[in-house]
Amino acid sequence: MTTVVLEIDAQLYQLLQAAAAAHDLSLEEECRRRLAGEEPHSRYLQALVAELRAEDLQRRAARS
């Protein structure tokens, strides 16, 4: 299993916690639900995913 560490601001963290509670989910489950496309992605989250993908591509290129 791959571990992903996300750095998010306090306001977004609180919003994720509130959404998790509203859906009776853990914070991890709420994040997975959003990443699976069950919730429209925020622009912030889309930018974060794009940045993570770019960093992954750079790491892979450096290993080659």
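The values are calculated or read from the model by the stated rules, or taken from the named source; none is laboratory data. Since the structure is predicted, the reported quantities are computational estimates derived from the model, not experimental observations. Because the Cβ atoms are built from the backbone with ideal geometry, glycine has one as well, and the counts that use them run over all protein chains shown.
Going by what's in this entry, would residue 58 be described as assigned to a helix (DSSP H, G or I), under 17 Å from residue 5 (Cα atoms) and without any contact (Cβ under 8 Å) to a residue 40 or more places away in the chain?
no
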Checklist line | Residue within segment 3-17 that is outside any helix (DSSP H, G or I), surrounded by 10 or more Cβ atoms within 10 Å (Cβ to Cβ) and under 10 Å from the mean Cα position of the chain (by Cα) present | finding: yes
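For the subset of segment 18-38 comprising residues that are of a type in the set (D, E, K, R) and part of a helix (DSSP H, G or I), which member is surrounded by the most Cβ atoms within 10 Å (Cβ to Cβ)?
Let us first name the residues in segment 18-38 that are of a type in the set (D, E, K, R), namely 24, 28-30, 32-34, 38.
If we keep only those that are part of a helix (DSSP H, G or I) as well, we get 28-30, 32-34.
Numbers: 28: 9, 29: 12, 30: 22, 32: 12, 33: 15, 34: 17.
Looking at the filtered set, the residue picked out is 30.
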Notebook entry, point to check: Can you name the residue in segment 27-49 that is modelled with pLDDT under 85 and of a type in the set (A, V, I, L, M) and is also nearest to residue 15 (Cα to Cα) among such residues?
Noted result: 45
Margin query: Six or more apart or on different chains, Cβ atoms under 7 Å: show the pairs whose first residue is in segment 1-27 and closer than 25 Å to residue 53 by Cα and whose second is of a type in the set (Lys, Arg) and loosely packed, with under 13 Cβ neighbours inside 10 Å.
Written below: none
